[in-house]
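Just below is one structure, and these are the notes that go with it.
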Amino acid sequence: HYWNCTQWCCAYLGNRFCCTFRRKSFLPWRFVMALMMNLENLAEWLSYHSFPCITHIIFGIDCPFCGFQRSFIALISGNLSASIAYFPALIPLLITAVLSLISLKIRNSYFKQIVVWMLIVDLLIVMLNWIVKLMFYIFS
């Protein structure tokens, strides 16, 4: 007997979402709906189990990716404005990650160039955000 994703999700979330499924009748949208119903619990769990920034602990200044975890938690909680305020490069980085996964399947050099340019833009956003944070830290 094997467990697929839907069965594991149902066992974790309870039988009210689904019953027993076979691989042939696996419906991904049921798993997505169950996941969306559990995002608030995930956000709460992540807020209590986030990693501290080692750079901030040692040197007392923010690293270029400080705010990434808080931004992700705000994003899955549905607070888009707080997510952008914590770390503006999160959404472009997530889009780039999805496109880079798609580019592994699509063997198109033009598509891969788009992913490379998006990575460059993402790194520019990260660096500009970090410079602004450092300026506010220095002059405050």
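List of remarks:
- Sulfur and carbon atoms: percent of accessible area, the range 36-140 [1.4 Å]: 74 percent
- Extension gain (nm, one decimal) between residue 104 and residue 133, 0.36 nm per residue minus Cα-Cα: 7.0 nm
- In the range 46-140, chymotrypsin sites (Phe, Trp or Tyr not before Pro) in a DSSP loop with at most 16 other beta-carbon atoms within 10 Å: 139
- Computed lengthening from residue 56 to residue 81, 0.36 nm per intervening residue step minus Cα-Cα distance: 6.6 nm
- Loop trypsin sites (Lys or Arg not before Pro), the range 39-132 (other Cβ atoms within 10 Å of the site Cβ: 11 or fewer; DSSP): 107
- Spin-label pair residue 114-residue 140: with each label point 7 Å from Cα along the Cα-Cβ axis, the two points sit 3.8 nm from one another.
The values are calculated or read from the model by the stated rules, or taken from the named source; none is laboratory data. Predicted model, so just to flag it, every value in this text is computed and none were measured. Counting neighbours? That spans all protein chains shown, and the Cβs are built from the backbone with ideal geometry, glycine included. Remember, those area values only see protein heavy atoms, side chains included, never the ligands or the DNA or RNA. Shrake-Rupley method; radii C 1.70, N 1.55, O 1.52, S 1.80 Å.
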